[in-house]
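This report refers to the structure that appears directly beneath it.
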Amino acid sequence: MSAEREPIGVIGTGYVGLVTAAGFAELGSDVVCVDIDAEKIARLERGEIPIYEPGLKELVEKNRSRLTFTTDISVALERARLLFVAVGTPPTYSGDADLSAVHAVVGAMPASDSHALIMKSTVPVGTGKVIKRVFEEQGKGGFRYVSCPEFLKEGTAVADFLRPDRVVVGDDGDWAGDAVVDLYRPLLNSEHGGQGPAAPLGALVRTDIASAEMVKLASNAFLATKISFINEIANVCEETGADVLEVAKGMGLDERIGPKFLKAGIGFGGSCFPKDVTALKQLAGNTGYHFQLLNAVVEVNELQKRRVIGKLEKHLGTLVGKRIALLGLAFKPNTDDMREASSLVLAARLQAAGATVVAHDPISADVARPMLRGVDFADDPISAVRGADAVVLVTEWQEFRDLDLVQVREAMAGDVLVDGRNALDGEAAVAAGLRYEGMGRPAPQPAPAKSHA
């Protein structure tokens, strides 16, 4: 199969780049992975995966013979005509995307009429137009450009690549766009040429470059909006006695709404939603349009973390001298990613309020440690809650869902449990002697004492 598949280059070996490389290798392509970080490349050559992503290590090991890791971009240029760009585009202080890494890649390209840059990095709408103009100005007008945004979710990125719901290809209708579609063809539905019983039935959206760029930003902004909306509903539920879990269930059965991203909690984080919401808001502002809805989405997301502090103060009064345990640090389960994680804000606000903070996360502790100065790190959940006046569930790892709440109560000095993800059984918590606080849920009532009459 590899002889029939086009070889590719992948520039950048972070979450997107490494999953993309391993995924295309699994489909049979020889892949040259390029990164300027020599230490990261050395680790990858030794078989060490620098990020935590379920299934990724196994996929890389399985396809090791098809993967080349190097710091020399010329190796990719010699072996492949399609170069996928997966470098970081973090937000600047102004809120705009930092495209310095993207432009460094553009500047490193030679004049060629047989190569194409395939943009996987999330970039503002209009970036493709700018890059094509730069190519022209640098005498590289023959270099093709394709926008192919990624929709990988951390924690399920491998499955998302191999079974996509859609593949978006934005191009000028030339050979480069055709070549990218051919690469993804095994992952597309039968209508678009997918073959075999394992075809994941992904849909192809082939469009212009600007629209492809907007699809990614608009998708993430909409999902973030959905999260902030259900969090607002949760806050109203707390005032009215409704249960947001029941409300979300009833809403989600409407096929126009759907059940996904209707989970109330302490807000969204990670590498995509905060950055992409801000980027889209900034993009609109740069054109003179005030995107009012996204301003509210960001504000609601920040206020959710304050509500956790309010719940703690409701039960404990002042937080000065109190010991608060945070269960979970990563922004979501099944990843070690700490970017824009709610735990960072919560820990800082708790410390500012005079509390001592102890934390445990099964995967991300090493990544989190440099970011959480003054926080005590525990090796396991029970060690984290031992002696705590209150516990806050921040990340809904399965091991936290499976905790023996009686054991948790016995280890604590206090009895307050704030379930920031509505992931625990509130009635079981109350039965264990805990004062349970969910997000948008009525407080469970203790079971009435049995009569012995």
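Numbers for the structure displayed
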| item | result |
| --- | --- |
| Qualifying chymotrypsin sites (Phe, Trp or Tyr not before Pro) in segment 60-125, DSSP loop, other Cβ atoms within 10 Å at most 14 | Tyr93 |
| Per-residue ³J(HN,Hα) for segment 65-78, Karplus 6.51 cos²θ - 1.76 cosθ + 1.60, θ = phi - 60°, Hz, x for Gly and Pro | 5, 9, 10, 10, 10, 7, 9, 9, 5, 5, 5, 5, 5, 6 |
| Considering only the chain, percent of DSSP beta bridges that pair antiparallel, nearest 5 | 5 percent |
| Count, lysine Cα pairs under 26 Å in segment 8-207, 8 or more residues apart or across chains | 14 |
| Pairwise centroid distance, computed over Cα atoms, of segment 122-169 with segment 272-338, Å | 28 Å |
| Convex hull volume per residue in cubic angstrom - Cα atoms of segment 241-453 | 154 Å³ |
| Residues Ser29, Ser342 arranged by fewest to most Cβ contacts within 10 Å | Ser29, Ser342 |
| Cut-off under 5 Å, modelled amide H: who pairs with Arg435 long-range | Val416, Leu417 |
| FRET efficiency, Arg46 to Asp182 (Cβ-Cβ, R0 25 Å, nearest 0.05) | 0.15 |
| Contact order relative to length of segment 241-453, as percent, for alpha carbon pairs under 8 angstrom and 6 or more apart | 20 percent |
| Estimated [θ] at 222 nm from DSSP helical runs (n ≥ 4, -39500 (n - 2.57)) normalised by residues in the chain, nearest 500 | -12500 deg cm²/dmol |
| Stretchable slack from Glu255 to Asp425, in nm (0.36 nm times residue separation minus alpha-carbon distance) | 58.4 nm |
| Order of Ile266, Ile227, Ile382, Ile257 - criterion: other Cβ atoms within 10 Å of each residue's Cβ, fewest first | Ile257, Ile382, Ile227, Ile266 |
| Whole-Hz ³J(HN,Hα) from phi, Karplus 6.51 cos²θ - 1.76 cosθ + 1.60, for segment 308-319, glycine and proline x | 5, 4, x, 5, 5, 5, 4, 8, 9, x, 4, 9 |
| Relative contact order for segment 8-207, counting Cα pairs under 8 Å that sit 6 or more residues apart, in percent | 18 percent |
| Amide proton proximity set for Met119, modelled H, under 5 Å, gap of 5+ | Val85, Val146, Ser147, Cys148 |
| Considering only segment 8-207, percent of DSSP beta bridges that pair antiparallel, nearest 5 | 5 percent |
| Dimensionless Rg over Rh [the chain; C-alpha; Kirkwood] | 1.02 |
| Other-chain or far-sequence residues with amide H under 5 Å of Glu340's (modelled H) | Gly270 |
| Selection of GluC sites (Glu not before Pro), segment 214-272, meeting DSSP coil and at most 12 other Cβ within 10 Å | Glu255 |
| Mean separation of Cα contacts under 8 Å, 6 or more apart, over the residue count of the chain: relative contact order % | 11 percent |
| Full-stretch length increase - Ala352, Lys57 - with 0.36 nm per residue and alpha-carbon distance subtracted | 102.3 nm |
| Interatomic Cα distance distribution for segment 149-279, bins of 5 angstrom, percent | 2, 10, 15, 16, 17, 15, 11, 7, 4, 2, 1, 0 |
| Vicinal HN-Hα couplings computed from phi for segment 414-429 (Karplus, 6.51 cos²θ - 1.76 cosθ + 1.60; Hz; Gly/Pro x) | x, 9, 9, 10, 9, 8, x, 10, 6, 9, 10, 7, x, 5, 5, 5 |
| Spatially close lysines, pair count over segment 217-340: Cα under 21 Å, gap of eight or more or interchain | 22 |
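No lab work stands behind these numbers, since they all come straight from the coordinates. Note that the structure is a prediction, hence the values are computed from the model and not measured. Quick reminder, even Gly has a Cβ in these numbers, built from the backbone with ideal geometry, and neighbours come from all protein chains shown.
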